[in-house]
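The values are calculated or read from the model by the stated rules, or taken from the named source; none is laboratory data. Please read these numbers as outputs of a predicted model, since none were measured by experiment. In this analysis, Cβ positions are derived from the backbone assuming ideal geometry, glycine residues included, and neighbour counts consider all displayed protein chains.
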Amino acid sequence: MADREWPQESELVVCTVENVKDFVAFVSLDEYGGRQGLIPISEIATGWIKYIRDHIREGQKIVCKVLNVDRSRGHIDLSLKDVNEHQRREKIREWKNESKAKKWLGFVAEQAKEPLASIEDVIYKKYGAFYPVFEDLVIDPETTVKKLGFSKKISETLQKVAGESVKVPHVEVTGYLILESTRPDGVEVIRKALEKASATKSAGAEIELLYLGAPTYRIKIKAPDYKAAEKAIEKSANAAIAVLEKAGGEGKLVKKPKSGK
């Protein structure tokens, strides 16, 4: 993957401090095969620096911002002071996830008996990173497998590893379905409406329906984020309401039932 041999300007990179001099620190870039970079004392911290080692030391793991890349000379200039604490934490988290994902891909390649490099190339071209594909395989496996276009063996192994290794955070959204039918077979109509609501599919969403007492049913959606959860609850509720309205009944989705349940 030639596009991963060098970092881009303004990119945040994880580095290991190798050598600290009086006016410069030399580091290796962990994500780029240990390529060397340097941080001048003016980019170590804001304000006047008396002793550089008060701010940076050998063996330390740090996050830097890429200021300049000179491929012809092999020089990478970095800044430590331009990275705030939030950026540092997020970058370290991302780096750790990518490190885990690379190990998982090694296992996938071994189990599928396929070259690791070819699997990595396909994923990187589609995602630009490795960890997100494992999240997508948990949230929406069918779409993700189709997008990647791997063989059945690789796809099955990827899904197995993703299911065993990745725990995607979820949020919950709750609403209340008010379903009413005056038809003699109204109970059957409502049952079909609830079945339709339960059968709706939204990427990464789980649906739970609970009877609270006629005509109220609680609908709870668990999804990766609020946007997905809100979309899923509307889709599920609309499916149920459509069945009721087709049979001459009425249905609506509300945030709170009148009874306060």
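How about the range 127-146: which of its residues are surrounded by 15 or more Cβ atoms within 10 Å (Cβ to Cβ) and not hydroxyl-bearing (Ser, Thr, Tyr)?
If we filter the range 127-146 for residues that are surrounded by 15 or more Cβ atoms within 10 Å (Cβ to Cβ), which is where we start, we get 127, 130-141, 144-145.
Those that are surrounded by 15 or more Cβ atoms within 10 Å (Cβ to Cβ) and not hydroxyl-bearing (Ser, Thr, Tyr): 130, 132, 133, 134, 135, 136, 137, 138, 139, 140, 141, 145.
Residues in the range 3-12: is at least one touching a residue at least 40 places away in the same chain (Cβ under 8 Å), over 26 Å from residue 116 (Cβ atoms) and of a type in the set (Lys, Arg)?
No, that holds for no residue.
Find the residue count for the range 45-89, including only residues that are in contact (Cβ under 8 Å) with a residue 24 or more places away in the chain, of a type outside the set (A, V, I, L, M) and assigned to a strand (DSSP E or B).
Residues meeting the conditions: 7.
Filter the range 91-121 down to the residues that are under 14 Å from residue 157 (Cβ atoms) and of a type in the set (Val, Ile, Thr) and list them by number.
108, 119
With respect to residue 185, is the statement that it is modelled with pLDDT of 85 or more, surrounded by fewer than 16 Cβ atoms within 10 Å (Cβ to Cβ) and not assigned by TED's automatic domain parsing to the domain that holds residue 107 true?
Yes: the conditions hold for residue 185.
Quick check on residue 42: is it closer than 17 Å to residue 158 by Cα and outside any loop (DSSP other than H, G, I, E, B)?
For residue 42, the condition - closer than 17 Å to residue 158 by Cα and outside any loop (DSSP other than H, G, I, E, B) - is not met.
Per-residue answers, yes or no, for (1) of a type outside the set (Phe, Trp, Tyr); (2) out of contact with any His (no Cβ under 6 Å at 6 or more places or on another chain); (3) surrounded by 14 or more Cβ atoms within 10 Å (Cβ to Cβ):
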{"site": "6", "(1), (2), (3)": "no, yes, yes"}
{"site": "10", "(1), (2), (3)": "yes, yes, no"}
{"site": "15", "(1), (2), (3)": "yes, yes, yes"}
{"site": "43", "(1), (2), (3)": "yes, yes, yes"}
{"site": "51", "(1), (2), (3)": "no, yes, no"}
{"site": "65", "(1), (2), (3)": "yes, yes, yes"}
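Looking at this structure, is residue 220 surrounded by fewer than 13 Cβ atoms within 10 Å (Cβ to Cβ) and not assigned by TED's automatic domain parsing to the domain that holds residue 124?
no
So for the range 199-207 (the condition being more than 18 Å from residue 97 (Cβ to Cβ), of a type outside the set (Asp, Glu), surrounded by fewer than 16 Cβ atoms within 10 Å (Cβ to Cβ) and not assigned by TED's automatic domain parsing to the domain that holds residue 114), does at least one residue qualify?
Yes, there is a match, as at least one residue in the range 199-207 is more than 18 Å from residue 97 (Cβ to Cβ), of a type outside the set (Asp, Glu), surrounded by fewer than 16 Cβ atoms within 10 Å (Cβ to Cβ) and not assigned by TED's automatic domain parsing to the domain that holds residue 114.
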